[in-house]
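Below: one structure, written as structure tokens.
The values are calculated or read from the model by the stated rules, or taken from the named source; none is laboratory data. Owing to the predicted nature of the structure, the values given are computational and were not obtained by experimental measurement. Neighbour counts run over all protein chains shown; Cβ positions are idealised from the backbone, glycine included. These accessible areas exclude ligands, DNA and RNA; they are computed on the full protein's heavy atoms, side chains included. Shrake-Rupley method; radii C 1.70, N 1.55, O 1.52, S 1.80 Å.
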Amino acid sequence: MRRGWKMALSGGLRCCRRVLSWVPVLVIVLVVLWSYYAYVFELCLVTVLSPAEKVIYLIFYHAIFVFFTWTYWKSIFTLPQQPSQKFHLSYTDKERYENEERPEIQKQMLIDMAKKLPVYTRTGSGAVRFCDRCHLIKPDRCHHCSVCAMCVLKMDHHCPWVNNCIGFSNYKFFLQFLAYSVLYCLYIATTVFSYFIKYWRGELPSVRSKFHVLFLLFVACMFFVSLVILFGYHCWLVSRNKTTLEAFCTPVFTSGPEKNGFNLGFIKNIQQVFGDKKKFWLIPIGSSPGDGHSFPMRSMNESQNPLLANEEPWEDNEDDNRGHFHLP
């Protein structure tokens, strides 16, 4: 009976947590919906008198608004990508690992298993990176998200404003969302400013639209300042080919710690996120190269690093042909 109550309480807490996790997203959605109403109806249709100016404002506004909402949607609903089954311990290996009480033997077991996988990063002590909650050997740049309760490929951070974990599958969309958010706020602020001054000086009648126009400029400027700082920081991360986690904790390779271990140069670093086809850079469609399990490294030349060589040393033996690779 007591166990049943505990399970019911635990399930209720998880349900409440899932519901509350959507509150930041709801706040953003409500602010965006109000900004749409304030700009389109109260500014363009009521305050702006010139028909030509109305048309120009509305065309550019909706063009930015479409990409802004599109990238936000993709950031929220693109699921984080998890490691393939090749990185999970088999049932037999899992039993052997859990039944082994000697840490040094466990460490050697993981080293032997990792030899079959394209894994080059280690823990601070030099051990193979292993997740005891997901029971898998972590691919390079993969981390366990305690909020999502799973390991995420090339995890950057968990963002409450999109209620999602930002990683390999959606980092491009998140960057685009930040860029279009900055552009959205900047466009609103620059087009509203002249009417803000007119209302402030009393050149326009004090009607309901006055509140919306004045507050719209304040909100746009406030969000612009915070977003441009965040966007600038992530631009710096992309230019160095780092994640947020790697910026705070230097990755350790088999040869030792190397803070620029994944830095391939400015252009190649950008291509690692957006792909090599520039026509897809501004559009929120998946174009990041690779499968998220392996990444080219600066410390290896072409003869050592299979991801920088012309040939592909990993073969796809998966029946579902999902593009996951393993060492021969």
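Brief remarks follow.
- Think of it as helices only: each DSSP H run of n ≥ 4 in the chain is worth -39500 (n - 2.57), and spread over all residues that comes to -16500 deg cm²/dmol at 222 nm.
- Across segment 60-217, the relative contact order, built from alpha-carbon pairs under 8 Å that are at least six residues apart, equals 28 percent.
- For Gly167, distant residues with modelled amide H under 5 Å away: Asp156
- For the chain, a Gaussian network of Cα nodes joined below 10 Å ranks Ile28, Ile285, Ile105 by mean-square fluctuation, and the top entry is Ile105.
- The region of the chain that goes longest without hitting one of the GluC sites (Glu not before Pro) in a DSSP loop, each with at most 14 other Cβ atoms within 10 Å, is 102-202.
- Kirkwood-type radius of the chain, with distances r between different C-alpha atoms, in Å: 23.0 Å
- Put simply, the amide H of Met150, placed in the peptide plane, has neighbours under 5 Å in Cys145, leaving out anything fewer than 5 places away on its chain.
- Label-reachable residues, segment 220-241, where backbone N falls under 19 Å from a point 7 Å from Lys259's Cα toward its Cβ: 233-241
- Dipole moment magnitude, nearest 20 debye, segment 69-109 about Cα centre, only Lys, Arg, Asp, Glu C-beta charged: 320 debye
- Distance in nm between pseudo-label sites at Phe266 and Arg14 (7 Å out along the Cβ direction from Cα): 4.9 nm
- Above-threshold pairs, the threshold being 31 Å between Cα atoms, out of Lys116/Lys154; Lys198/Lys278; Lys154/Lys277; Lys210/Lys278; Lys94/Lys268: Lys198/Lys278; Lys210/Lys278; Lys94/Lys268
- Trypsin sites (Lys or Arg not before Pro) restricted to DSSP loop in segment 244-292 with at most 11 other C-beta within 10 Å: Lys277
- Distance between the pseudo-spin-label points of Leu30 and Thr190 (7 Å out from Cα toward the beta carbon): 3.1 nm.
- Residue-wise HN-Hα coupling along segment 264-269, computed from phi with Karplus coefficients 6.51, -1.76, 1.60 (Hz; x: Gly, Pro): 10, x, 3, 5, 5, 5
- Debye log10 I(q)/I(0) at q = 0.13, 0.18 Å⁻¹ for segment 185-291, Cα point scatterers: -0.69, -0.92
- Proximal charge balance of Ala114 [Cβ under 13 Å; K/R count +1, D/E count -1]: +4
- Å² per residue, accessible surface of the chain at 1.4 Å: 57 Å²
- Pairs of Cα atoms farther than 27 Å apart, segment 96-231, %: 50 percent
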